[in-house]
Structure formats: C-alpha cells, structure tokens
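Taking it in order: structure first as structure tokens, then the write-up.
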Amino acid sequence: MTGTTTPDPTTVRVGDALPALTVRVTRDRLVRYAGASLDFNPIHWDERTATGAGLPNVIAHGMLTMALAGRVVTDWLGDPTRMVEYGVRFTRPVVVDTDGADVEFGATIGEIREDGTARVDITATVDGRAVLGQARAVVRLS
C-alpha cells in the first residue's frame, strides 16, 4: 500500500506513506501570514532587508513552514484534533524569490504504538533539499 493509496488511519502499517503535498509559498502568502501571526520582520517580505542581512532572498516564516508540514498529517487524518504531539527542527530556510518556492511534504508511518497512537515521520524539501529535520507527529489512530 505504500505510496499508491491513501492508508486508512485505523489500519495503517509501519512504512505506509501518506499522500504527498506540494505547497507554493509566495511573497503575498508571506505578507498575509505576517499579518495573521503579527511577525512583521522585514526579512520575510522585503528583499533589500533580507539580502542586507546576508540571506539569499526573502525567507518564509519558520512557523509557516512548520504549519504547512503539519497539513500532510491533518489532511490525512481528517480531524486535526487527532494530532496529539508535533515538533520539528528548522534546518534550512525556505527562500522565496519573486516566483515563489514549491515546498514538497511527505510522510510515512514510522511506528505504531500499543496505546493506539502512531509516530508519523514528515519530510519537507525545496529543490530536493531538506528544510525541516526530525519533523514528527504523534497521532491517535481511532
């Protein structure tokens, strides 16, 4: 079943892949996120400030990237309240040029526990390079 069908949360096995998700992060999305999060740091929307700070270009908010990665799990679950634990390490910023950046998310079942939960291991890449590390969620399977 890995990678070919959407696994049912009640019958998953270790190694099953969740449906992949690709999200185009654009500068207008960054500005909207800045307004919602109240994080108006100009490195997220002003190219001059970002490059002046030594960045290659505007970068996405880390918490936006984390939230988007969580979607690969919550979309699969259908009920976000079944995600009981979630964490990531930020390994590389998502650089957003004027055309935007495609962030690809994937996830597999890494462990099924006796308490009815499972660990989901999440990947997040841009141009084949990881932007999150140790991204993991714990979910209730039923």
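The values are calculated or read from the model by the stated rules, or taken from the named source; none is laboratory data. Remember, it's a predicted structure, so these values are computed and weren't measured experimentally. Cβ sites come from the backbone with ideal geometry, for glycine too, and all protein chains shown count toward neighbours.
Checking the conditions here, which among Ala101, Ala107 is in contact with a Leu (Cβ under 6 Å, 6 or more places away or on another chain) and either part of a strand (DSSP E or B) or among the acidic types (Asp, Glu) (or both)?
When all the criteria are applied, what remains is Ala107.
Scan region 3-62 residue by residue and report those that are of a type outside the set (A, V, I, L, M), over 30 Å from Glu111 (Cα atoms) and part of a loop (DSSP other than H, G, I, E, B).
Thr26, Asp39, Phe40, Asn41, Trp45, Asp46, Gly54, Pro56, Asn57 - these are the residues of region 3-62 that are of a type outside the set (A, V, I, L, M), over 30 Å from Glu111 (Cα atoms) and part of a loop (DSSP other than H, G, I, E, B).
Is it true that Arg82 is of a type in the set (D, E, K, R) and touching a Pro at 6+ places or on another chain (Cβ under 8 Å)?
So Arg82 passes the test.
Pick from region 1-25 the residues that are among the β-branched types (Val, Ile, Thr) and over 15 Å from the mean Cα position of the chain (by Cα): which of them is modelled with the highest pLDDT?
The selected residue is Val14.
Here are some conditions: (1) within 23 Å of Arg129 (Cα to Cα); (2) touching a strand residue (DSSP E or B) at 6+ places or on another chain (Cβ under 6 Å); (3) surrounded by fewer than 14 Cβ atoms within 10 Å (Cβ to Cβ). Thr98 meets all but one. Which one does it not meet?
Going through the list (1) within 23 Å of Arg129 (Cα to Cα); (2) touching a strand residue (DSSP E or B) at 6+ places or on another chain (Cβ under 6 Å); (3) surrounded by fewer than 14 Cβ atoms within 10 Å (Cβ to Cβ), Thr98 breaks only (2).
Quickly run through region 78-95 and pick out the residues that are surrounded by 15 or more Cβ atoms within 10 Å (Cβ to Cβ) and either charged (D, E, K, R) or within 12 Å of Ala137 (Cα to Cα) (or both).
Hits for region 78-95 are Arg82, Met83, Tyr86, Val88, Arg92.
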